[in-house]
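Derivation of every value follows stated rules applied to the coordinates shown; laboratory data play no part. The structure presented is a predicted model; accordingly, all values stated were derived computationally and were not measured. Neighbour counts run over all protein chains shown; Cβ positions are idealised from the backbone, glycine included.
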Amino acid sequence: MTATGGELDLRGALRAARIERAGGRAAWAYTVLVFVFLFLPIVIVVVYSFNAGRHVTDLKGFSTQWYAAAWSDPFLIKALRNSLTIAVFTAALATIMGTACALAMDRLRPRMRALVELLGYVAITVPGIVIGIASLIFLVTAFDWLDPWLVFVSGGTAPRLGLGAATIVAAHTLFTMAIVTVLVRTRMRGMDRSLVEASEDLFATPWRTFLQVTLPQLLPAIVSGALLAFTFSFDDFIIAFFTSGQDQTVPIYLFASIRRGVSPSVNAIATVLLVVTILTMALAGLVSRRGQRRRGAGEPGS
């Protein structure tokens, strides 16, 4: 007996359903494996940071001795102070410049605005090693050109310009201000423009309109951008490695420590960096979410 058309359609539907279920399970299993591959080494680092053994792979019990050993290292404390200083200045400069750039883009023509937005996204997606090498070449070339002029103007008393914490701040600011610009521009698209127009109709000055109307609406995005800029600057290794000169940040210190031999204190330092990063990212997400809720509560009919 031959199968009818209805039976063939039923068999085809069942086969398609089985294939779909198998594909869903395979995708789920693949996703789990990817997350295990990404996060299992991090978990191992955290676990071994509380290791009582003398070696990285020698797990002998629970102890916080390596945290005490790490934070009693004067070189690490100096690197931490440099990282915090660089991250704070980077966050401040990137926030100011990124916010100003986002506000200025509203005054541009549509084509020019689209071009500037594209350049911002390109700055975010460009690999860090490219930014680091480009920053190094630019800074060295600029210093070679400026140093003779400074010597000529000062009569030989001006110090020579060189790589250091200031150049790291400059390179980090150029990278992270693009992140701030994108966040503020995204918030501006959802901003209630009628409030700005109402302020202008009430003869408020542009500065007062900005302080009392525009800035409160943009503040969650600005704070989120500042926190993200701080996080990227504090954790960055590649760009800082090319532009640091003799100054060390914590990631550079860790890299140098690993080259001398892996110590259990490295796990403790990495764990502290991980906690700082997670807390900062969580705070940025919390600020952004509260801003979205406040915006939703202020919409008509909410």
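Could you give the longest part of the chain that holds none of the trypsin sites (Lys or Arg not before Pro) found in DSSP loops with at most 15 neighbouring Cβ atoms within 10 Å?
On the way: sites that count: ARG54, LYS60, ARG107, ARG160.
Result for the longest clean stretch: 161-302.
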- Query: Between VAL122 and ILE137, what is the label-to-label distance in nm when each label sits 7 Å out along the Cα-to-Cβ direction?
  - Reply: 1.5 nm
- Sorted largest first, the C-alpha extents of segment 74-298 along its principal axes in whole angstrom are 63, 51, 30
- Listing THR64, THR271, THR85, THR243 by rising number of other beta-carbon atoms within 10 angstrom, fewest first, gives THR64, THR85, THR271, THR243
- Potential lengthening between ALA29 and TRP71 on full extension [0.36 nm per residue; Cα-Cα distance subtracted]: 11.1 nm
- Message: Just to be sure I understand: with springs between alpha-carbon atoms less than 10 Å apart, which residue in SER224, SER265, SER199 has the highest mean-square fluctuation in the Gaussian network model of the chain?
- Response: SER199
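Let me make sure I get this right: for segment 13-94, a, b and c are the square roots of the gyration tensor eigenvalues over alpha carbons, sorted descending. Under 1.5 in a/c it's rounded, otherwise prolate if a/b > b/c, else oblate. Which is it? Don't jump to the answer; show the numbers that get you there.
Numbers: a/c = 6.76, a/b = 1.80, b/c = 3.75.
Oblate, since a/c reaches 1.5 and b/c is not below a/b.
State the extension gain, in nm to one decimal, for the chain segment bounded by GLN246 and ARG18, taking 0.36 nm per residue of separation less the distance between their alpha-carbons.
Working: separation 228, 0.36 × 228 = 82.08 nm, distance 6.15 nm.
Computed gain between GLN246 and ARG18 is 75.9 nm.
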- Message: Along its three principal axes, how long is segment 51-197 when you only count alpha carbons? Whole Å, largest extent first please.
- Response: 65, 53, 28
- Selection from GLY155, MET191, THR176, by position along the positive dipole direction of segment 112-202 (Cβ): THR176
